[in-house]
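Note sheet for the following structure.
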Amino acid sequence: MSNLSTASTVQGNTTRPVSSQPPPHLTDADIFRMLIAKFPSAYAALDPNLTASDMDRLVVRQWAVSDPASAIAWTTALPDGALRDSLIEQAALGWSDNNLSAAIAWAQQFPEPDLSQQLLATLGTELARTDPAGALGIAEGLPPSQSRDGLTQFASNQWAASDPNAALAWAAQVSDPTLRDNLLRSIVTVWSATQPAAAAQYAAANLPAIDQPQVAAAITQQWAMGDPAAAATWVSQSTPGPTRDAMTGSLLSTWASLNASAAATWATGLPDPAWRDQSLALLSQDVAARNSGLALQLADEIANPTIRAQSVSGLQP
């Protein structure tokens, strides 16, 4: 791709470079025409079904990979507006492909506070893929916002995949209680994909009771995907109540898609009559689309006549 010429360098305190400035009062259509005139081959290679603004973003990002100084200078000189901010963000991302630390340092010094924070959230997400702790350091320096919380969530989940205990220890120190609880729930769920038993034990001991049904159901789903029999044992050992109900529904819906017969054997053998009926009703609905005969058989096994009649009725075409 050819590059727009510029004599400027990328500097943190520059928003309107002296060289290569686009003319003022440009419309989005003007910007598209200018870019396509400079990079015709790049535009020709793109999917023609993309919108003009999407094409602009892709081309600017490619440009910044090879010449970040020129791309940054040109985009920051555009008239204020959503497209300008979007193109600056793409230029920063392109720069980050080759020098992420330099792009972050530039974004930290960018003199427009709102855009600086958005750039740092975006670049922090890129950093989180290889250095989640570093990305969380960036997030800690941002004011409360959806962008900050999104970066924090993504980075903590990335950390949880490699070191869940460290991620949990960090999240437990977050001062915002809503954000802290969201992070802990999410980290435990990520952890459960590789170590469901440990994640389940942590959740039961440390998370608020109000969060237990949702988190336990998520852990059960992850566990059942890899070892449904072990997940079933955990569910069977749980205390009756809303959390066990949520776990049961998650177990059965997951197990039914893997081995409906095994799930049916487990549900039929449950010792608590009310729990057994509830489980059979859930499972009959879960398997109905794939095996209507088994679904009806399970519904017929329900001891409570009211629940049985409701389940059979729900299976009728």
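The values are calculated or read from the model by the stated rules, or taken from the named source; none is laboratory data. Computed from a predicted structure; not experimentally measured. Here Cβ is always computed from backbone atoms with ideal geometry, including for glycine, and neighbour counts include all displayed protein chains.
Brief remarks follow.
Per-residue answers, yes or no, for (1) out of contact with any Cys (no Cβ under 8 Å at 6 or more places or on another chain); (2) surrounded by 20 or more Cβ atoms within 10 Å (Cβ to Cβ); (3) assigned to a helix (DSSP H, G or I); (4) polar (S, T, N, Q):
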| residue | (1), (2), (3), (4) |
| --- | --- |
| ARG84 | yes, no, yes, no |
| GLU89 | yes, yes, yes, no |
| ALA92 | yes, yes, yes, no |
| ASN98 | yes, no, yes, yes |
| ALA107 | yes, yes, yes, no |
| SER116 | yes, no, yes, yes |
| LEU120 | yes, yes, yes, no |
| LEU123 | yes, yes, yes, no |
| GLU126 | yes, no, yes, no |
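- Residue within region 79-88 that is under 30 Å from ALA200 (Cβ atoms), of a type in the set (Ser, Thr, Tyr) and modelled with pLDDT of 95 or more present: no
- Contact map, region 283-300: first residue of a type in the set (Asp, Glu), second residue surrounded by fewer than 21 Cβ atoms within 10 Å (Cβ to Cβ) and not in a loop (DSSP other than H, G, I, E, B), Cβ cut-off under 8 Å, separation 6 or more or different chains; pairs are ASP286/SER253; ASP286/SER257; ASP286/ALA260; ASP300/ARG308; ASP300/VAL312.
- For the residues SER156, SER186, the requirement of being in contact with a Ser or Thr (Cβ under 8 Å, 6 or more places away or on another chain), surrounded by fewer than 23 Cβ atoms within 10 Å (Cβ to Cβ) and within 20 Å of ARG129 (Cα to Cα) singles out SER186.
- Every residue from region 72-97 that is of a type in the set (D, E, K, R) and more than 19 Å from ASP54 (Cβ to Cβ): ASP80
- Inter-residue pairs, beta-carbon under 6 Å, first closer than 11 Å to LEU93 by Cα and in region 114-125, second among the β-branched types (Val, Ile, Thr), 6+ apart: LEU120/ILE138; LEU123/ILE104; GLY124/ILE138
- Residue match in region 150-169 (condition: out of contact with any Leu (no Cβ under 9 Å at 6 or more places or on another chain) and of a type in the set (Ser, Thr, Tyr)): yes
- Evaluation of TRP255 against (1) more than 31 Å from the chain's Cα centre (by Cα); (2) within 21 Å of THR189 (Cβ to Cβ) (one fails), failing number: (1)
- Selected residue [closer than 30 Å to ASP163 by Cβ and of a type in the set (Val, Ile, Thr)] from ILE88, ILE104, ILE72: ILE104
- Residues of region 54-82 satisfying the condition of being surrounded by fewer than 16 Cβ atoms within 10 Å (Cβ to Cβ) and not in a loop (DSSP other than H, G, I, E, B): ASP54, SER66, ALA82
- Candidates ALA281, ALA303, ALA262: the one that is of a type in the set (A, V, I, L, M) and in contact with a Phe, Trp or Tyr (Cβ under 7 Å, 6 or more places away or on another chain) is ALA262.
- Taken together, THR194, THR189 contain a single residue that is more than 22 Å from GLY241 (Cα to Cα) and of a type outside the set (Lys, Arg), which is THR194.
- Residue match in region 92-106 (condition: under 20 Å from the mean Cα position of the chain (by Cα) and either closer than 22 Å to ASP30 by Cβ or of a type in the set (A, V, I, L, M) (or both)): yes
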